[in-house]
Amino acid sequence: MPVQDCSKDGKSGKKFGPSGVCFTGPDAAARAAAVGRAIEAQKAELAAGHLDDELSQGEIEGVVAMADAEGLVAMLSLPTAGPVTNYSAGPEVAAGVRELRPNVVKTEIQVAIHKHEASGELQLVWAEVYVPGLPDAHGDSMSIAGVRKMAHKFLASQLTQSVDVQHDNDITRDLEIVESFIAREDDPEFIPNSWVVCCHVADPGIWLDIKEGRLNGFSIQANVFMQEREIEFEVPADGQVSGRVSETESEAGILHTHGFTVRIGPNGELLGGQTTVDADHWHSISGGTLTEGPVVAGSDGPAPTSGHTHRYSCLEHRIGAPMD
């Protein structure tokens with residue numbers, strides 16, 4: 001089936017085959033051609049026994065419609081099948097077809113913004129975006145190579161201004177990634193081999209939220225290809241990790257800190273915990289990198305009241321490294 005002319009919402013476009021979806025815009029012809037390439041490559045993969053099931057043309061068109069420029073080029077590079085008897089599918093072709101399969105959208109918030117530039121209010125924050133080998137909120141993890149590939153593709157795709165707040169998909173705010181790197185083995189501040197970014201926060205409201213602890217970490221939203229793999233990580237013998245939270249001023253103006261203890265599950269997942277009592281209150285810990293609000297010492301109510309919070313970190317223990 002050849003690429004054909006079509007129209008959508010009064011705009012001219014291109015589609016693959018008579019029943020194909022109509023793509024519009026400057027890359028319409030390329031996207032229609034990519035659909036055809038993917039369909040032909042999939043036929044060859046099925047015939048060679050490299051795929052167990054088949055995507056419909058509509059499913060392929062949906063993936064092509066969301067592909068960025070790099071992904072579109074990759075799809076166009078898929079070879080057509082030709083006579084099946086003369087076709088030999090290489091591993092790169094199989095990988096290319098698998099990448100067209102429906103992806104899983106993952107959203108994680110798992111690391112603290114533990115460094116910020118206060119001198120002169122440069123309004124810059126640094127933190128790990130993703131730590132390799134650490135089970136995330138879904139119980140999944142990425143390898144060192146996978147984290148590096150993701151970090152490099154982020155910059156190559158020019159996504160430094162694609163920053164929103166709490167995954168609201170509003171990227172019109174004054175937020176921009178201005179530094180991105182992989183932490184070295186001897187990095188004194190960040191977990192080795194993790195992806196670290198620095199964000200310039202020009203938005204005054206968001207900067208205030210960061211300074212006061214209401215926004216406490218970087219988060220990613222990405223399309224990923226899931227693969228089962230066994231990993232090993234260290235869990236304390238008693239399943240508990242202890243440390244100290246950051247120093248914070250209470251509602252009464254008392255500068256204070258707390259000790260904390262959290263429980264780690266057999267798969268490295270955070271099961272929650274609480275802090276010690278200080279300044280006549282304590283805090284519960286239910287996840288992430290931030291405590292809940294204060295609970296008055298001796299109170300019977302399990303729900304924390306509104307008020308200050310503390311940052312804490314046990315990530316190093318969860319990946320088998322010592323904590324400062």
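Where a number appears in this text, it was derived from the coordinates with a stated rule and is not lab data. As the structure is a prediction and not an experimental result, all values here were calculated from the model. As a convention, Cβ positions derive from the backbone with ideal geometry for all residues, glycine included, and neighbour counts pool all protein chains shown.
Quick notes on this one:
- Mean Cβ count within 10 Å, highest first, over the residues of peptides 248-259, 194-205: 194-205, 248-259
- Legend: calculated FRET efficiency, E121 to S12, from the Cβ-Cβ distance at R0 = 41 Å, rounded to 0.05, equals 0.20.
- The label point for D140 and the one for A202, both projected 7 Å from the Cα toward the Cβ, are 3.4 nm apart.
- Estimated from the Cβ-Cβ distance and a Förster radius of 51 angstrom, the FRET efficiency linking I254 and H167 is about 0.90.
- When each of L124, L290 is scored by the number of other beta-carbon atoms lying within 10 Å, the sequence from fewest to most is L124, L290.
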